[in-house]
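Remarks on the structure that follows.
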Amino acid sequence: MQGFLNLAWLLPVPPFLAFVAILLFLNRNKTVSALTAIGGAFVSFALGWPIAFAVFTTPHFGEHPLYGELFTIPTGASELMIGFQVEPANALMIFMSTFLLLMIFIYASGYMSFPPHLRKEDYPEAYAQGRDPRYSRFMAYISLFATGMLGLVVANSLLTFFIFWEIMGLCSYLLIGFWFEKESAKKAAFKAFITTRIGDTIMFTGMMLLYMWSIDNTLVFEQILSPENLEHLSTMIVHVPVFNFDTPAVALIAILIFFGTIGKSAQFPLHVWLPDAMEGPTPVSALIHAATMVSAGVFLVVRMFPLFYVAGEVAPGSMDFVAGIGAFTALFASLIAVAQWDIKRVLAYSTIAQLGFMIAALGTGAYVAGFFHLITHAFFKALLFLGSGSVIHGVEHGFHHAHEHAAAHGDHGHDEHAHHGSHLIARKDGLLDPHDPQDMRNMGGLLKRMPVTGWTFIIGGMALAGFPFVTAGFWSKDEIFSSEWYTRDWVIFWVLAFSALLTAFYTARQITLTFLGQPRTEGAAHAPESNRAMTIPLVLISPFVIGLGWLGIPVDFPVLGALFPHWIEHQLEPYIKHLHFEFPHPEFNILVLLVSFVVSLGGLALGWLVYRNGMPEGQIDPMRRWLGPVWWAMHRKFWVDEAYNYTVVAFTRGLAKFMYWIDDLWIIDPIINAIGRFGVWLGVVAARFDQYVVDGAVNAFAWMADRAGGVLRNAQNGQVQVYLMVVVVSLTIWLLLYALPLILTLV
């Protein structure tokens, strides 16, 4: 068993080899590139699940986690061990990520058809194949993305964790802006990269302080999370000059590292990049929202939880900050999701809200509840995003079919410009592009046209809404509610409860407008079911969206608790004891269960009642009529982006322009140019001095030597008398120049 677990470090290797192979050798063949990428994901899956189940089936494995060393890096006074670790927490992540990565890779192979924003005349070969012109590049990028996530999961130190963390940051930039022909995609990629870098920079500052202040000057998890090191950091008091207060070092480090989570997991106020990330292809959205990127942000808190736990003990405000950010983000994002029309943006804000649930739970010490929701959310959100991509794919083909049908009958009512969405209709509830395949107002009735996509999406939606008993989302959310009730964090509890009500409401709204009723456009009326490469992953993910929640049923839950005891808690508890921290063990409470029922079923019922008649042409959103300006504020995302544009962005641009004036016009460049001109003048003077003085003197000596040589050359005629005369003359000159003055001096 130990020998097999030592192979865990190989998990990120197959996707990385696939990335290299596609990039360097296979990119010309799209089919081989796709098979290579899927093969890399499959090898990681085939290796990852046995490792995970080996951990799950070993009693009390968490008490003695596996720490493996690959090599060491000298760091001055100490050495930093680079290796891997295996324990119950990352075994659950391996179980989740390897499976979802494989499903998303298979889905992507069928999804990446020729995109509608490109002209078929520009890419005739790709259009004939029905695939994206950069299909192979996409497969290479998602393979590198998988490398980052799997490497992060098995990393044994915060340094290697951060390296793979940044690999994912790079991949998010490359994949969000993959369709760079669209200006919106380029801007979204840049926005995601810069926003997450802000959080990463602050996080890296915390990492440097942690390395500097730790006992052994290390970033290895086993050492920095040891009781001795945490005790040392909790007793060290440091002064924060920016805010002029003293705080335990452990609290300062925890807050700084948490900013990495705020950026990567899109928590307020760095949440603005995630909705715009929907500009990338839908498989990218599923990767970011489920299997990789945003999950990594929450997993950072999970991995570093002993640090946060100790910080909360010595400085309670630090954990209050974490929980407050999570709860506010959950409510804030849920309100915005209620008023969005883009099917993927609704899910994007839903992701932000659900991540807020996890962060709020972890901030109040509910380690198991927050981590449990991370795992279940990954499955049902992957299902929802892949389902939304299937919907978009079908509606796009429906519009294309309607356009071709109209062209065949001489009807030019749907021209190419209309198909690509250049005609916008102004409405009170936002602009409407009547040919936008992502706008839910252009859908309706898709359950009949796309039954596999529709039913699997509904399963995912029910899990997101927390439909009681039969979905994983119910059990993981109920665990969070129970933990908040048990710890008496009443504000957090009721904020999350209201957010859950909104979640169920906008989920019902999304399902009703998309799949029920009658088709509202030609695209919806002619939408075909997606190909098997897209629908099979939906079917395979669905059982986990239902059954995974049964692994987290509380032991004291009536009837079901005896049948399905809290398996996840049972797995994590030995590891938690190994790390020396506590977590709440909430008892069954009928009031909490009633709240879960009300927010879930009540939100679903309310959403269906409001939107059961669909959205007939020209009708505005009923919530827009009832809420008025409040709905509009929600629709415009409370103008946070605009506020950033008028403050942070404007200040940055103004500062850049001012620095340009300082650099190019006023100070730096003029000084440098003056120094340059002086250097040129000095060079000219030196050149003249060299030409007339140095070269002149050398040339004069040369001329004199030449003349003397010319005179002496005449004496070389072979006559002894001439040679004798030269000797006599030379002696005479020597006597006159040297000997005579010496004689006179002696006299």
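Details
- Counting only residues that are touching a strand residue (DSSP E or B) at 6+ places or on another chain (Cβ under 6 Å) and either hydrophobic (A, V, I, L, M, F, W, C) or not in a loop (DSSP other than H, G, I, E, B) (or both), segment 113-159 holds 2 of them.
- When Phe178 is tested against (1) closer than 27 Å to Asp122 by Cβ; (2) in a helix (DSSP H, G or I), just one condition goes unmet, and that condition is (2).
- Just one of the listed residues (Ala353, Ala361) is open to solvent by less than 10 Å² (accessible area, probe 1.4 Å), in contact with a His (Cβ under 9 Å, 6 or more places away or on another chain) and modelled with pLDDT of 95 or more, and it is Ala361.
- Members of segment 224-273 that are within 30 Å of Ser184 (Cα to Cα), assigned to a helix (DSSP H, G or I) and among the polar types (S, T, N, Q): Thr261
- Residue count, segment 289-317 (criterion: closer than 23 Å to Ser157 by Cα, in a helix (DSSP H, G or I) and open to solvent by less than 10 Å² (accessible area, probe 1.4 Å)): 17
- Residue selection: His570 satisfies the criterion of being under 35 Å from the mean Cα position of the chain (by Cα) and open to solvent by 70 Å² or more (accessible area, probe 1.4 Å).
- The residue that is most open to solvent (accessible area, probe 1.4 Å), counting only those in segment 9-31 that are over 22 Å from Glu69 (Cα atoms) and not in a helix (DSSP H, G or I), is Arg28.
- Filter pass, Ala34 being more than 21 Å from the chain's Cα centre (by Cα), open to solvent by less than 40 Å² (accessible area, probe 1.4 Å) and of a type in the set (A, V, I, L, M, F, W, C): yes
- In the condition set (1) out of contact with any helix residue (DSSP H, G or I) (no Cβ under 7 Å at 6 or more places or on another chain); (2) surrounded by 15 or more Cβ atoms within 10 Å (Cβ to Cβ), Ala643 is compliant with all but (2).
- Scanning segment 60-104 for residues that are part of a strand (DSSP E or B) and open to solvent by less than 20 Å² (accessible area, probe 1.4 Å) returns Leu66, Gly68, Leu80, Ile82, Gly83, Phe84, Gln85, Val86.
- Within segment 122-138, being under 13 Å from Arg28 (Cβ atoms), open to solvent by less than 30 Å² (accessible area, probe 1.4 Å) and under 25 Å from the mean Cα position of the chain (by Cα) holds for Arg134, Tyr135, Ser136.
- Cβ-Cβ under 6 Å pairs, at least 6 apart or on other chains, segment 295-307 side of a type outside the set (Phe, Trp, Tyr), far side not in a helix (DSSP H, G or I): Gly297/Ser265; Val298/Ser265; Pro306/Leu225; Pro306/Phe581
- Filter result for Asp276 (among the charged types (D, E, K, R), in contact (Cβ under 8 Å) with a residue 60 or more places away in the chain and in a helix (DSSP H, G or I)): yes
- Some residue of segment 89-106 being among the polar types (S, T, N, Q) and closer than 30 Å to Glu181 by Cβ: no
- Within segment 206-236, being β-branched (Val, Ile, Thr), open to solvent by 20 Å² or more (accessible area, probe 1.4 Å) and closer than 22 Å to Gly363 by Cα holds for one residue alone: Thr235.
- Screening Thr75 on (1) more than 30 Å from Leu540 (Cβ to Cβ); (2) at pLDDT 90 or above shows it passes everything except condition (2).
- The listed residue being among the aliphatic types (A, V, I, L, M), in a helix (DSSP H, G or I) and either under 46 Å from the mean Cα position of the chain (by Cα) or modelled with pLDDT under 85 (or both), out of Val680, Val684, Val640: Val640
- Thr58 vs. criteria in contact with a helix residue (DSSP H, G or I) (Cβ under 7 Å, 6 or more places away or on another chain) and polar (S, T, N, Q): no
- Residues satisfying the stated conditions in segment 535-556, i.e. open to solvent by 20 Å² or more (accessible area, probe 1.4 Å), hydrophobic (A, V, I, L, M, F, W, C) and out of contact with any Asp or Glu (no Cβ under 9 Å at 6 or more places or on another chain): Ile536, Val539, Leu540, Phe544, Ile546, Trp550, Leu551
- When restricted to residues that are of a type outside the set (A, V, I, L, M, F, W, C) and outside any helix (DSSP H, G or I), segment 464-486 contains 3.
- Number of residues in segment 471-512 that are touching a residue at least 12 places away in the same chain (Cβ under 8 Å) and either more than 27 Å from Val610 (Cβ to Cβ) or not aliphatic (A, V, I, L, M) (or both): the value is 28.
- Top-ranked residue of segment 573-600 - restricted to ones that are aliphatic (A, V, I, L, M) and within 32 Å of the chain's Cα centre (by Cα), ranked as surrounded by the most Cβ atoms within 10 Å (Cβ to Cβ): Val599
- Qualifying residue in segment 426-441 (condition: open to solvent by less than 10 Å² (accessible area, probe 1.4 Å), at negative phi, in contact with a Ser or Thr (Cβ under 6 Å, 6 or more places away or on another chain) and not acidic (Asp, Glu)): yes
- Residue among Leu335, Leu347 that is surrounded by fewer than 24 Cβ atoms within 10 Å (Cβ to Cβ) and in contact (Cβ under 8 Å) with a residue 12 or more places away in the chain: Leu335
The values are calculated or read from the model by the stated rules, or taken from the named source; none is laboratory data. Worth saying up front: this structure is predicted, and the values here are computed from it rather than measured. We place every Cβ from the backbone using ideal geometry, glycine too, and count neighbours over all the protein chains shown. Quick note on the areas: whole protein, heavy atoms, side chains included, nothing else; ligands and nucleic acids left out. Shrake-Rupley method; radii C 1.70, N 1.55, O 1.52, S 1.80 Å.
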